[in-house]
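Report on the structure given below.
The values are calculated or read from the model by the stated rules, or taken from the named source; none is laboratory data. Since this is a predicted model, take the numbers as computed values, not measurements. Cβ coordinates were reconstructed from backbone atoms using ideal geometry, including for glycine residues, and neighbour counts include every protein chain displayed. Ligands, DNA and RNA are stripped out before the accessible areas are found, and what is left, the full protein with its side chains, is counted by its heavy atoms. Shrake-Rupley method; radii C 1.70, N 1.55, O 1.52, S 1.80 Å.
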Amino acid sequence: MLSLALITAPGLALVARAPAPALFAVRAPNLAMQLATPPEGYDGAVAAGIKKANMDAGKIFGLGLMSGAHIGFGAFLMLTVGGQCPGLAATNPGLQKIVAGAFGLPFGLMMTLVTGAELFTGNTAMVTTAVAEGKADGGQLAKSWLVSYAGNFLGSVGLAALVAAGGTLAASGAPVATAVAKTSLSFKQAFVRGILCNWLVCMAVYMASMAKDLPGKIVAIWFPISAFIALGLEHSVANMFIVPLGILSGAAVTWKAFLLKNLLPVTLGNIVGGPRPRRFPAPPLAPPGPSRNPVRRRRSRRRRLLVCVRKARQARPRLSCRARTRRPICEPPALRRACRETLARARPATPPRAERWWWWRGRGRAG
């Protein structure tokens, strides 16, 4: 906005430009307010676990279907982008793994967490934390795990059937090669990779629950999920889409081999690696011993005395103006007795002359 100021001089007119007032105050974001502290984040994870444990089985199954489809869409994008880079995989396999991890499953978990769907691997951390804190029981834990697992399986396999019918990856050999590679692992390899994978997945879910805005949740999800893809780890719900899609695309893999050689060990590994967030109690601090410094000892006594007097002042009953003029304000007997005991413990047998005025002054106020 411009304000015109005309200077009335003979034959002279000047235009002065005034600074425009700020219509909207732009305040820098406070990052501390957008991220919960670790104790607050843990309490939030426990609250989320309690909510999931108390949820109806039918609702868990419906949200599990949705989550299985979401993770399937993430794996679909991963195979479409990262799986169709044979030249990059031959020349720079590390970069190809990063590309496959960055585009795909983070997007699937993002949809799951933002929409509130039920993911089996996330429930192994959240509901287990609620059980560990005594806020849920084993029956609720089993219900959450089994029903969400069934919903994830049907949602992922159903989406794999739709993708195979659509033929979007028919010309690509990525689903077939990935299915063969995943079912070729030994039981021990698949189990350990499942442990490491769900460790990262549950940390992503845990850190996303600590973020209070959508960009913070996206960042918390992106790095751990893209990391576990680039590291070659195994996620049971993602495999529920990838391996069936490979089977439907013509891979030489049977459903029995998929269930026994891949899905079973990976699921067991995900269960073991899930309950990662824990809040261990802090070790009790030993009471500080008496200081050898006499000056510091006198200061600590003064501090205890001032705390006692402050508590006595705060606990005084509120009296009317007339009552104040008739009699002095007194403390309750129990508090007065406690102050006397505190003073007796804090007062030395023979106070120094430089401090004698302080003790008598405190005695007069507190007693």
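I want the local charge near Ser148. Using Cβ-Cβ distances under 13 Å, sum +1 for each Lys or Arg and -1 for each Asp or Glu among the other residues.
Result for the neighbourhood of Ser148: +1.
Would you mind counting up the charge near Asn239? Only other residues with Cβ under 13 Å from its Cβ, with Lys and Arg at +1 and Asp and Glu at -1.
Local net charge: +2.
From the gyration tensor of the Cα coordinates in the stretch 137-227, what semi-axes in whole Å does the equivalent ellipsoid have, largest first, with each one equal to sqrt(5λ)?
Square roots of five times the eigenvalues give 27, 20, 18 Å.
Rounded to the nearest 0.05, what FRET efficiency is calculated for Thr115 and Arg303 with R0 set to 51 Å and r the Cβ-Cβ distance?
On the way: r = 54 Å, r/R0 = 1.06.
So the FRET efficiency works out to roughly 0.40.
Just grab the label-to-label distance for Leu154 and Asn54, each label 7 Å out from Cα along the Cβ direction, in nm (one decimal).
For Leu154 paired with Asn54, the spin-label model returns 2.6 nm.
Can you give me the pair-distance distribution of the stretch 158-282, C-alpha pairs, 5 Å bins, whole percents?
2, 11, 18, 18, 17, 15, 10, 5, 2, 1, 0, 0
Give the accessible area for Lys256 in Å² (nearest 10); use a 1.4 Å probe, count only protein heavy atoms, and leave out ligands, DNA and RNA.
In the full protein context, Lys256 sits at about 140 Å².
Calculate the dipole size of the stretch 36-157 relative to its Cα centre from +1 charges on Lys and Arg beta carbons and -1 charges on Asp and Glu beta carbons; express the result in debye to the nearest 20. Kindly include the intermediate steps, with their values, before the conclusion.
Details: 6 positive and 6 negative charges, 45 e Å.
Its charge dipole is roughly 220 debye.
Order these peptides, 216-227, 190-201, by their mean beta-carbon neighbour count within 10 angstrom, highest first.
Highest mean packing first, the order is 190-201, 216-227.
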